[in-house]
Each structure stands twice: as C-alpha cells, then as structure tokens.
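The values are calculated or read from the model by the stated rules, or taken from the named source; none is laboratory data. Just so it is clear, the model here is predicted, and its values are computed rather than measured. Cβ atoms come from the backbone with ideal geometry, glycine included; neighbour counts cover every protein chain shown.
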Amino acid sequence: MTKRNKKPWPTKDAMSQIYELNLWGGKAFDFYSGAGSHEAEIVNPYLEVIQFFLKKHNSTLTVCDLGCGDFNVGSKLIKYTKKYWAIDIVEKLIERNKKWYQADNLEFQCLDIAKDDLPMADCVILRQVLQHLSNAEIQAVVKKLTHYKYIILTEHVPLGGFIPNKDIISGQGIRLKQGSGVDLLKAPFNLLIKEQIVLGEFVLKDGKGRIVTLLYEVF
C-alpha cells in the first residue's frame, strides 16, 4: 500500500490556526506575528530604512502592505504615506486590527493575496510573507507586483549562498530547513525589475539565517 501525499491545507485555514494556537509565539498576545514583528533589534532598523524611503518621497506615496499581520510594524509607517492599505488573509485578525488601529489614511482589507484583486498603489510591502507560501502562490502574487512602481521585499534566507525557491506547502514553516529562500529574480518567478537596492540585512543571533530587505523599482 502506497502512502498518499498529504493534501495541503487551504492557506487561510493554515494561517488562522497559527494565530489561534500561537505557533509563532507570543502567548500573552491575542494575535502575534512572530519575533520579526516585535523584537526591537529586528524591527527598529527595518522601520528606520522604510521610514527614510517614505519620507524621501515627501510622504506622498500610496502603500499596499500585503500580509500586514498584527500590524505592530505597519502602524509605525502610516503617517509617512498618503494612503495605507493593510491586507491579511485572516479575517479575525483584520477585524481586530480595525479596532486597534485607526487613521484617516488607513484601510484594512481581508484578502487572499494570491487569489484576490489587490488595491492599486505606488508601493507594495511584503515583509516575511512570501517565505511562508508555496511557489504556486508566490507566482500568483508576482504576476500582480508589476502593477506597483516600488516593491519592498523582506525575506528570511540562509547565511551565504543558497539554492533559491525550493517549493514548500504554504503554512507556518519557511524554506530555511531546506537550505533555501525566496529570490523573486530567479526561476521560477523571474521578476523583471529596473533596479535593486539592499535596504537592510540582519543576521540572527542564533545563526539561523539572515533577514534581508530589498527595494525593487519596477519598469
């Protein structure tokens, strides 16, 4: 008798369970998007470079934050934008965020970024989101990214060189255990860009990889 391959859970269900069971930690929180959204040594340098980029454009850019999570990070960026759309797939999380965070230029939407139409904006932010998605879902997202002038992408990748874009089942884990990480410029995604700038890089103290933030300018 052959063992059947495990059928992937729908991404919405998988992400909802992560928050319900505190699989990313933070049991004292109602919703917790992981250390990468709360540890000052990771968050503060990220905010510094993103705020600088937004202020460089005189705080006139419209921004679409895909996979906004618990919004601990995004909430510090709103005032540097003309309009800020915060998107996540977990409905209860979005409803909570609407109660916790309010601003005239802020709008939350519950969307599946791989399946649903996304708000139009000048800049899209993807902070440690794609690393949790399968290649098929990433590909679906990539097709929409060319609608934005700027892409700010943050990914947790191995130290040094690595084989990019090994496939995974969407959910809690990332490609790090496979010695891989997401690189949108490589196959099978092959995103075409005008320019790439490294905004920041943080090497984790436990030696388990690094968090890299890139700015892509699209044709």
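The residues in segment 152-206 that are aliphatic (A, V, I, L, M) and within 22 Å of Lys115 (Cα to Cα) can be counted, and the count is 11. If you check Gln196 against the conditions, is it within 25 Å of Leu47 (Cβ to Cβ), surrounded by fewer than 16 Cβ atoms within 10 Å (Cβ to Cβ) and among the polar types (S, T, N, Q)? Judged against the criteria, Gln196 is a match.
Against the condition in contact with a helix residue (DSSP H, G or I) (Cβ under 6 Å, 6 or more places away or on another chain) and either of a type in the set (Lys, Arg) or part of a helix (DSSP H, G or I) (or both), how does Ile50 come out, does it pass? In short, no.
Conditions (1) modelled with pLDDT of 95 or more; (2) within 22 Å of Ser37 (Cα to Cα); (3) buried (at least 17 other Cβ atoms within 10 Å of the Cβ), marked per residue:
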site: Val157; (1), (2), (3): yes, yes, yes
site: Gly181; (1), (2), (3): yes, yes, yes
site: Lys186; (1), (2), (3): yes, no, no
site: Lys205; (1), (2), (3): no, yes, no
site: Lys208; (1), (2), (3): no, yes, no
site: Thr213; (1), (2), (3): yes, yes, yes
site: Glu217; (1), (2), (3): yes, no, no
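If you go through segment 211-219 one residue at a time, do you hit one that is of a type in the set (Phe, Trp, Tyr), part of a loop (DSSP other than H, G, I, E, B) and under 30 Å from Tyr19 (Cβ atoms)? No, every residue in segment 211-219 fails to be of a type in the set (Phe, Trp, Tyr), part of a loop (DSSP other than H, G, I, E, B) and under 30 Å from Tyr19 (Cβ atoms). Is it true that Leu159 is under 25 Å from Glu41 (Cβ atoms), more than 16 Å from the chain's Cα centre (by Cα), assigned to a loop (DSSP other than H, G, I, E, B) and of a type outside the set (Asp, Glu)? So Leu159 passes the test.
Whether a residue is surrounded by fewer than 14 Cβ atoms within 10 Å (Cβ to Cβ) and modelled with pLDDT under 95 was assessed, and Lys143 does not pass this test.
Taking the criterion of being in a loop (DSSP other than H, G, I, E, B) and acidic (Asp, Glu), the only residue of segment 56-75 that qualifies is Asp70. The single condition among (1) closer than 27 Å to Asn22 by Cα; (2) in a strand (DSSP E or B) that Ile197 does not satisfy is (1). If you go through segment 82-132 and pick out every residue that is small (Gly, Ala, Ser) and farther than 18 Å from Leu47 by Cβ, you end up with 2. Kindly list, by first and then second residue, each pair from a residue in segment 31-49 that is in contact (Cβ under 8 Å) with a residue 24 or more places away in the chain and within 23 Å of Ile18 (Cβ to Cβ) to a residue that is of a type in the set (Gly, Ala, Ser) and buried (at least 19 other Cβ atoms within 10 Å of the Cβ), limited to pairs with Cβ atoms under 8 Å and residues at least 6 apart or on different chains. Filtered contacts from segment 31-49: Phe31/Gly69; Ser33/Gly69; Gly34/Gly69; Ser37/Gly69; Ile42/Gly36; Val43/Gly36; Val43/Ser37. Could you go through segment 18-32 and let me know if any residue there is touching a strand residue (DSSP E or B) at 6+ places or on another chain (Cβ under 7 Å) and crowded, with 16+ Cβ neighbours inside 10 Å. No: segment 18-32 contains no residue that is touching a strand residue (DSSP E or B) at 6+ places or on another chain (Cβ under 7 Å) and crowded, with 16+ Cβ neighbours inside 10 Å.
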